[in-house]
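The next block holds one structure in the form of structure tokens; read it before the comments.
The values are calculated or read from the model by the stated rules, or taken from the named source; none is laboratory data. Everything numeric in this text was worked out from a predicted model, so none of it was measured. Every residue, glycine as well, gets a Cβ built from its backbone with ideal geometry; the counts of neighbours run over all protein chains shown.
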Amino acid sequence: MLRTVPIQLDKERRLKYDLNAFAVLKERHGINLFQPDAERLADPIAVRAMLWVGLIHEDPTLTVDQVGGWVDLGNFAEVSEKVADAMLTARARDVPGESERPFPVAPTSTGASSTS
């Protein structure tokens, strides 16, 4: 399951970046998160778009302008940091342990036999 990151805006909300968020960001804003851009989190247009796509999973009626209205110079740096944290969190998904794998993994055989 994808992890989310809390962020305080008009109320506490949760940022989540899944493939749908990445696709919407690329389709509507031309931002490809799979291509590194060191200055993206300093760009107000990009931060507003990334913030918006991270929030629409819990409220699809949110607009980019509405979300942008929750950010000003007083919280821009904090919002940028939360967006970055949420994206890093999305990359660090929980990985099921051996006992939680959906299918058993068959032991591999080397073809060598041992006779003792």
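Just a few scattered comments:
- Where Trp52 falls short, out of the listed (1) of a type in the set (Phe, Trp, Tyr); (2) closer than 17 Å to Lys16 by Cα; (3) assigned to a loop (DSSP other than H, G, I, E, B); (4) modelled with pLDDT of 95 or more: (3)
- Candidates Ala112, Ala86, filtered to the one that is over 30 Å from Arg40 (Cβ atoms) and modelled with pLDDT under 95: Ala112
Matching residues to (1) under 19 Å from Val5 (Cβ atoms); (2) in contact with a Lys or Arg (Cβ under 7 Å, 6 or more places away or on another chain):
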residue	(1), (2)
Gly30	no, no
Asp37	no, no
Leu41	yes, no
Glu58	yes, yes
Gln66	no, no
Gly69	no, no
Phe76	yes, no
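- Among the residues of segment 1-43, the ones that are out of contact with any Pro (no Cβ under 9 Å at 6 or more places or on another chain), among the basic types (Lys, Arg) and within 22 Å of Pro60 (Cβ to Cβ) come to 5 in all.
- Filter result for the condition that a residue is aliphatic (A, V, I, L, M), surrounded by 12 or more Cβ atoms within 10 Å (Cβ to Cβ) and at pLDDT 95 or above, over Leu41, Leu9: Leu9
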